[in-house]
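Take a look at the structure below.
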Amino acid sequence: MNYIIHFDIAAFVVTLTVLFHFIMRKSIRTKAVTLFYVLIYLQLFTTTLDIATSLMIDGVIKATTFSLYLWNVVYLVAFNSITPVFVAYLICITKKDGRPWSSVDHLKIWPLLAVDYILLLTTPFTKAVFYIDKEGQYQHNTMFYALYLISIIYLVIAVTQVSVNKNSIKKEQRNMVYFYIIATIVAVVVQMFITKVLIMQFTISIAFFLVYLSLENPDNYLDSRLGIFNREGFILSLRGALDNRKKFRLVGVYISGLKYLNETIGVGNKKLLLQDIAQFLCGLNGSDNVFRLSNTKFVIKVEDEEREQMVIDGITERFEKPFVVQNTDVPLIPAIAVLSCPEDADTLNNIMDLLDYSLNELMDNSDITFIRASEDVVEKRHRESIVLQILNKAIQDKSFEMYYQPIYSVAERRYTSAEALLRLKNSDVGYISPDEFIPIAEKNGMILELGEFVFRSVCEYIIENKVQRYGIEQIHINLSVVQCMQEDLAEKFMDIMNELKIPSNRIKLEVTETAAVVSSNCLSMNMNALSECGIKFALDDYGTGFANAISLIEYPYSTIKVDKSVVWAAMDSDEAKKVLTHTVAMLKSLKMSIVAEGVETYEQSEELIAMGFDYLQGYYYSKPISGKDFIELVSIDLKM
């Protein structure tokens with residue numbers, strides 16, 4: 001038989017090209033990458049042996065019967081190792097959480113491989129797989145087809161592994177794996193019937209090349225603009241460290257101010273600046289250990305605590321001076337998050353969650369410049385995750401509760417209004433404070449839904465309970481900063497009031513000093529539109545923010561609510577009391593009604609009344625109560 005080896009030669013060239021490209025590019029050494037190297041070398045080795053053994057069988061290369069047995073067994077052992085190694089590779093790349101192999105994973109590889117090796121290594125004695133006839137010709141025997149069957153079983157395992165873990169790799173990568181498997185099966189079937197033309201290695205090498213481009217191409221996890229690894233590269237590096245059971249530490253860096261540089265120094269100069277930053281960070285612990293997670297976030301992987309401190313000190317010292325881009329000084333402020341693995345987190349998912357959470361904390365709180373991950377941080381992240389799930393469910397089920405805190409009128413000597421407050425309770429967790437769930441809602445884009453829910457619920461409550469019969473003139477509703485920035489806020493609120501046919505003078509909207517500063521233009525537009533409809537406004541938490549006399553005049557406030565911290569300070573300090581007394585006089589001169597928040601004792605109420613406050617709110621009068629209890633309370637109050 002004269003074998004046609006041209007396809008094998010082409011397969012050798014293709015595989016050698018993949019190997020050369022893979023070696024020359026920057027890559028991250030993980031268990032999966034190691035197995036990919038093994039696959040490349042196996043493919044090169046088997047292609048070379050396929051050519052050599054074919055030439056031996058055809059007599060081009062002189063060989064003894066012993067040599068023919070030896071080299072054909074070596075070839076088949078190597079060739080039949082490719083599919084189990086490929087399955088092992090797929091197990092590694094689909095284990096995104098970095099967990100070690102399970103006993104089931106090992107069972108997918110070793111039993112069938114043992115059968116393969118036993119059949120092949122005993123063949124020189126049993127002739128079970130192949131034999132060399134008297135003319136020195138290579139002949140397949142019965143068990144040769146068992147090798148094909150085992151290869152097909154491995155490929156079925158490969159399909160199952162990818163399908164079951166389809167969320168672990170991208171769709172196009174899954175499709176490329178399926179292509180490799182289908183191409184291999186087709187090649188096996190064709191080779192069984194066309195034994196003379198050696199197409200198996202060529203088909204596998206082409207499929208192998210496409211898998212490389214999809215799954216192991218180093219460009220997939222490199223930031224081409226900066227020449228360092230990206231987030232995907234970081235994940236690969238973590239998996240490699242977890243596979244090898246190595247201890248390591250991570251220094252995450254959030255760089256404040258990068259986000260807005262396009263407008264100030266231009267896109268081109270920002271790219272130069274980022275390259276300077278990347279080059280500096282690489283100098284701290286080597287380019288293989290520096291990763292860019294996002295536009296403003298980087299992370300450096302270090303071996304021990306000593307190296308970690310050196311990196312932190314280096315970052316702190318360098319950023320004390322501005323970076324210089326095209327003769328322009330660009331000052332930047334770094335914030336650092338540090339965690340130790342596996343002490344703080346021991347799985348890929350936990351490490352990524354903890355690092356992301358810590359860096360987001362730095363991004364959201366400009367006054368924090370350093371976080372060291374601890375059990376407290378982990379617990380806080382876990383708690384936030386639970387509250388977020390509860391929030392999602394409460395929004396879907398509309399299972400929030402509205403509570404109302406009465407506001408006492410000094411002139412009327414009774415309750416004439418109340419502040420509506422959102423409450424969240426869960427059967428498993430219990431009561432969740434607004435101070436906890438409101439920031440989480442704001443961070444996750446839920447605050448607008450909550451705000452609309454509160455407004456509609458209060459309007460429905462006013463209509464259903466006819467609160468005006470009990471002397472309740474208005475219900476106060478708090479507006480969040482995000483709501484104040486909505487251009488269509490007035491339109492949405494007016495639509496709800498028109499739908500429910502509620503008189504607009506029954507609502508008073510409370511705006512914080514922070515909201516007034518952050519969203520001044522949009523807020524002014526909304527306030528003017530709603531004021532024209534008859535809705536009144538109160539400035540909430542007065543004395544804690546940036547409000548001044550000019551802002552009191554610019555916006556159509558009718559009421560000022562003095563924050564409890566200011567009230568309490570006046571109760572403890574003569575100087576603070578003088579300031580508050582003058583503040584009340586000034587607000588009175590502007591024809592504002594004034595509410596004192598946080599009134600907790602009879603003595604406080606008497607002093608505040610003496611100062612000239614119009615309304616009092618606090619636990620001395622009533623804590624926030626349910627809608628039903630509020631109606632009962634004001635009913636009794638009205639009769640007294």
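Miscellaneous remarks
- Accessible area of region 16-76 belonging to carbon and sulfur atoms, whole % at 1.4 Å probe: 73 percent
- Expressed as a fraction of 2.2 N^0.38 Å, the value expected for a compact globular protein of N residues, the C-alpha radius of gyration of the chain is 1.42.
- Region 479-540 - percent of accessible surface contributed by carbon and sulfur, probe 1.4 Å: 50 percent
- According to the calculation over all Cα-Cα pairs in region 116-220, the P(r) per 5 Å bin from zero is 2, 11, 16, 18, 17, 13, 9, 7, 4, 2, 0, 0 %.
- Using Cβ point charges alone (K and R +1, D and E -1), the dipole size of region 256-297 about the Cα centre works out to roughly 140 debye.
- In this structure, residue 333 and residue 225 have a Cβ-Cβ separation that, at R0 = 25 Å, corresponds to a calculated FRET efficiency of about 0.65.
- Kirkwood hydrodynamic radius of region 35-166, from inverse mean 1/r over distinct Cα pairs, in Å: 16.1 Å
- Stretch gain in nm, segment residue 38-residue 166, where the contour uses 0.36 nm per residue and the Cα spacing is subtracted: 43.7 nm
- Taking the Kirkwood radius as Rh and the Cα radius of gyration as Rg, region 1-103 has a ratio of Rg/Rh equal to 1.08.
- Dipole-positive endmost among 275, 238, 226 within region 201-275 (Cβ charges, Cα centre): 238
- Distribution of pairwise C-alpha distances over region 169-221, 5 Å bins, in %: 4, 22, 24, 19, 13, 9, 6, 3, 0
- Proximal aspartates and glutamates to residue 577, defined as alpha-carbon separation beneath 18 angstrom and excluding residues fewer than eight positions away on the same chain: 541, 563, 597, 600, 603, 606, 607, 614
- For the chain, the Cβ-based charge dipole about the Cα centre amounts to some 2340 debye (Lys, Arg positive; Asp, Glu negative; other atoms uncharged).
- With all protein chains kept in place, the per residue accessible area of the chain amounts to 48 square angstrom at a probe of 1.4 angstrom.
- Protection-proxy order for peptides 203-213, 159-169, each taking the mean of Cβ atoms within 10 Å per residue, highest first: 203-213, 159-169
- Reach of residue 246 by Cα under 23 Å, taken over lysines that are not fewer than 8 positions away in the same chain: 26, 31, 95, 96, 301
- Cα radius of gyration and Dmax for region 523-586 (Å): 13.8, 42
- Straight-line cross-link reach from residue 492 at under 27 Å between alpha-carbon atoms covers these lysines, not counting any fewer than eight positions away in the same chain: 393, 398, 443, 466, 501, 508, 536, 561.
- Among 78, 9, 248 the positive-end extreme of the charge dipole of the chain (Cβ point charges): 9
- At q = 0.23 Å⁻¹, base-10 log of I(q)/I(0) for region 264-340 (Debye sum, equal scatterers on each alpha carbon): -1.18
- When region 103-158 is reduced to its Cα atoms, the Kirkwood hydrodynamic radius in Å: 12.4 Å
- Highest average packing first - 404-410, 35-41, Cβ atoms within 10 Å: 404-410, 35-41
- Size of electric dipole in region 291-412: Cβ of Lys, Arg +1 and of Asp, Glu -1, about Cα centre, debye, nearest 20: 540 debye
- Taking every Cα-Cα distance in region 450-497 and sorting them into 5 Å bins starting at zero, the pair-distance distribution P(r) comes out as 4, 19, 29, 22, 14, 8, 3, 0 percent.
- Candidates 539, 212, 45 compared by Cα position along the dipole of the chain: farthest toward the positive end lies 45, with charges placed on Cβ.
- Distance between region 206-244 and region 82-125 - C-alpha centres, whole angstrom: 23 Å
The values are calculated or read from the model by the stated rules, or taken from the named source; none is laboratory data. These figures come from a predicted structure and were not determined experimentally. Don't worry about glycine lacking a Cβ; one is built from the backbone with ideal geometry, like all the others, and counts go over all protein chains shown. Protein only, heavy atoms only, side chains kept; ligands, DNA and RNA dropped before computing areas. Shrake-Rupley method; radii C 1.70, N 1.55, O 1.52, S 1.80 Å.
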